[in-house]
Amino acid sequence: MRVPPKQTVGDNDLSEKSSKDGSVLANLLLTVRERLLAGLVTTAARRDATLGTATRLGSDGRVYNILGDKTAIKVGDNGMVRGELLTFGFGGRIEIGDWFYLGPMSTIWSASEINIGDRVLISHSVAIHDSDSHPTDPQLRFAQTRQILTKGHPRENPGVKTKPVRIGNDVWIGMGAIIMKGVTIGDRAIIGARAVVKTDVPADGFVSSPSNEPNA
């Protein structure tokens, strides 16, 4: 019966070092991959949108300019987009100021006009829409859906209700919040996590999350 060789303390140290080295290399490769992908995404976005100096997209950022007008989506300088900017086929305009951040899985969809000021921080999973996206009439809604699936997005409004959204400077919008069509949010306002904003918010205003728990 063969007896396996005893493992010394030095062998354990070597094994741990190899494992750490492998982890460092894997993280380095992932970082390089993310940066390369982000660069490709940003280059592609510049074909469909007007991006300012040093503004870039993360690897998870997307621009869908269904309208096809490059000037319909504008982001100022020093911005970071990790969510989605989209204009509809029948209209829409998105104008964003400098030092803007859009978190992962957040969506800004415009069929009318969305105007966002400078130094606005938008967390992850936020939805900002200036329309209902679909008609409320079921027949019109099905007609729109059928056209999207068979011919592409309609170039004429199929009965979708729209109203501009305006967000001032230095606004912070927490994770999971929803900003509905027609809303104006004043400068320096704070929108709490998962809040649903249907009416205007004044400058320096605060909209709490729906949990009703005390804020720190």
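Fully extending the segment from Thr136 to Arg46 would add 29.0 nm, taking 0.36 nm per residue of separation and subtracting the current Cα-Cα distance. For the stretch 84-126, the share of alpha carbon pairs falling in successive 5 Å distance bins from zero is 7, 22, 29, 26, 13, 4 percent.
Computed with a 1.4 Å probe over protein heavy atoms only, the accessible surface of the stretch 70-216 comes to 51 Å² per residue.
Compactness of the stretch 97-216, taken as the C-alpha radius of gyration over 2.2 N^0.38 Å, stands at 1.17. With a simple spin-label model that places each label point 7 Å from the Cα along the Cα-to-Cβ direction, the separation between Val32 and Thr199 comes to 5.6 nm.
The values are calculated or read from the model by the stated rules, or taken from the named source; none is laboratory data. What you are looking at is a predicted structure, and each value in this text was computed from that prediction instead of being measured. Virtual Cβ from ideal backbone geometry, glycine too; neighbours counted across all protein chains shown. What goes into the accessible areas is simple: the full protein's heavy atoms, side chains included, and nothing from ligands, DNA or RNA. Shrake-Rupley method; radii C 1.70, N 1.55, O 1.52, S 1.80 Å.
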